[in-house]
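Asker: Sharing a structure below in structure tokens format, with a few things to ask.
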Amino acid sequence: MNDVIKLLQSHRSIRKFSDQEIPRGLLLELIQAGQSAATSSHVQAYTVIHVKDAANREQIAELVGGQGYVASCAAFLVFCADMKRPTEASARTGANVERGMTEQLLVATVDTALMAQNVVVAAESEGLGICYIGGIRNNPQQISDLLHLPEHVYPVFGLCLGYPAHEPEIKPRLPVEAILKEDYYTEDSELVHAFDSTMQAYYQARSSSNKNTDWSHNLKPLFDDKLRPHMRDFLVKRGFEMK
């Protein structure tokens with residue numbers, strides 16, 4: 001196993017950070033590493049907002065569900081899917097641009113996620129810790145207003161960056177046999193049942209936030225009701241009409 005694979009398999013979400021600042025040069029290198037990620041047709045349909053204003057950080061921390069580490073981490077980034085830049089560039093060439101296509105939404109979202117994960121791997125290789133903040137989508141309109149996001153741009157998630165102030169355990173993943181199929185999709189309920197036992201043991205033994213639950217029960221609130229039903233209308237208002 002080489003060092004890159006070891007790094008990838010040692011990932012943990014960090015929610016407690018030291019006061020050490022991230023050098024500006026390093027932050028720029030991380031963003032440039034993100035830009036080196038694969039991008040559909042070289043569209044590069046993303047924009048990253050580095051939120052430095054303390055009051056804005058505090059407000060975002062509340063909007064994403066009271067996650068205080070959004071305000072306390074060394075750097076907080078908001079990754080945005082951006083179809084404004086590429087469609088405007090195309091329009092300047094005389095193209096009859098068709099905006100709001102579902103494929104544009106997918107391309108921009110996938111591009112943004114790939115770019116962010118490159119940033120994360122680069123950050124962790126430099127000893128930084130990270131935590132993705134999907135709660136950005138709890139109140140996407142307020143976040144968009146706060147960050148002055150224009151039409152055809154939407155916030156996908158946030159990212160906390162900083163030097164770790166704790167050492168959480170690595171959370172187990174599903175067995176590879178449940179994820180990797182050969183030729184056809186096959187059922188894996190027995191593997192999931194076994195993984196529930198693995199996760200229950202993990203949650204009961206970890207050094208903080210112990211609880212008596214498993215993987216399947218943790219998923220219940222995500223699917224027991226409609227999750228973030230406001231997102232479709234929000235995306236349409238952003239110009240992603242999903243035609």
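The values are calculated or read from the model by the stated rules, or taken from the named source; none is laboratory data. This structure is a prediction, so every number in the text was calculated from the model and none was measured. Cβ placement follows ideal geometry from the backbone for every residue including glycine, while neighbour counts extend to all protein chains displayed. To get the accessible areas, we keep the full protein, side chains included, count just its heavy atoms, and leave off ligands, DNA and RNA. Shrake-Rupley method; radii C 1.70, N 1.55, O 1.52, S 1.80 Å.
Asker: Hey, can you find the accessible area per residue of region 1-119 for me, probe 1.4 Å, expressed in square angstrom? It would help to have the intermediate numbers written out before the result.
Answerer: Values: 6580 Å² over 119 residues.
For region 1-119, the solvent-accessible area averages 55 Å² per residue.
Asker: Which helices, counted as full DSSP H runs in the chain, have an axial Cα extent of no less than 30 Å and a Kyte-Doolittle average of 0.5 or above? Please list the in-between numbers first.
Answerer: Numbers: long enough: 102-125 (35 Å, 0.81).
Helices meeting the criterion: 102-125.
Asker: Shifting gears a bit: How large is log10 I(q)/I(0) at q = 0.15 Å⁻¹ when the Debye formula is applied to the Cα atoms of region 20-159, each weighted equally and without solvent?
Answerer: So the normalised log intensities are -0.75.
Asker: Dividing the alpha-carbon radius of gyration of region 112-206 by 2.2 N^0.38 Å (N being the number of residues), what value is obtained?
Answerer: Taking the Cα Rg and dividing by 2.2 N^0.38 Å, one obtains 1.47.
Asker: With springs connecting C-alpha atoms under 10 Å apart, model the chain as a Gaussian network and identify which of ASP188, ASP53, ASP145 has the largest mean-square fluctuation.
Answerer: Comparing ASP188, ASP53, ASP145 in the GNM, the peak value goes to ASP188.
Asker: Going by accessible area, probe 1.4 Å, with all protein chains left in place, what is the ranking of THR87, THR102, largest first?
Answerer: THR102, THR87
Asker: May I ask which residue of ASN218, ALA194, VAL176 lies farthest towards the positive end of the charge dipole of region 173-221, with charges of +1 (Lys, Arg) and -1 (Asp, Glu) on Cβ and the Cα centre as origin?
Answerer: Among ASN218, ALA194, VAL176, the one farthest towards the positive end of the dipole of region 173-221 is ASN218.
Asker: Roughly how much of LYS243 is accessible, in Å² to the nearest 10, using a 1.4 Å probe?
Answerer: 110 Å²
Asker: Using a Förster distance of 30 angstrom, determine the FRET efficiency expected from the C-beta separation of SER90 and ARG232, and round it to 0.05.
Answerer: With R0 = 30 Å, the Cβ-Cβ based efficiency is 0.70.
Asker: Taking only Cα atoms and a 10 Å spring cutoff, compute GNM fluctuations for the chain and point out the largest among VAL43, VAL153, VAL192.
Answerer: Of VAL43, VAL153, VAL192, the most mobile in the Gaussian network model is VAL192.
Asker: Let me ask you something else. Rank SER125, SER189, SER40 by mean-square fluctuation in a GNM of the chain with C-alpha springs under 10 angstrom and give only the top-ranked residue.
Answerer: Looking only at SER125, SER189, SER40, the largest GNM fluctuation is found for SER189.
Asker: What figure in square angstrom, to the nearest 10, would you give for the accessible area of SER18 with a 1.4 Å probe?
Answerer: 40 Å²
Asker: Using a simple charge model, +1 on the beta-carbon of Lys and Arg, -1 on the beta-carbon of Asp and Glu, nothing else, what dipole does region 22-168 show about its Cα centre, in debye to the nearest 20?
Answerer: 220 debye
Asker: Something else: Hey, any idea what % of the chain's accessible area is carbon plus sulfur with a 1.4 Å probe? Mind showing how you got there, number by number?
Answerer: Details: 7230 of 14090 Å².
Within the chain, the accessible surface is 51 percent carbon and sulfur.
Asker: Further question on the same structure: Just to be sure I follow the definition: excluding the sites themselves, where is the longest run in the chain that has none of the chymotrypsin sites (Phe, Trp or Tyr not before Pro) in a DSSP loop with at most 15 other Cβ atoms within 10 Å?
Answerer: For chymotrypsin sites (Phe, Trp or Tyr not before Pro) (loop position, at most 15 other Cβ atoms within 10 Å), the longest site-free span of the chain is 1-183.
Asker: Once the convex hull of the alpha carbons of region 1-57 is built, what does its volume come to per residue, in cubic angstrom? Walk me through the numbers before you get to the answer.
Answerer: Details: hull volume 9.0 nm³, N = 57.
Here the figure is 158 Å³ per residue.
Asker: Quick one: Kirkwood hydrodynamic radius for the chain, alpha-carbon pairs, angstrom, one decimal?
Answerer: Taking every pair of different Cα atoms in the chain, averaging 1/r and inverting gives 19.9 Å.
Asker: Counting only the heavy atoms of the protein chains, how much of HIS11 is accessible to a 1.4 Å probe, in Å² to the nearest 10?
Answerer: The value for HIS11 is about 50 Å².
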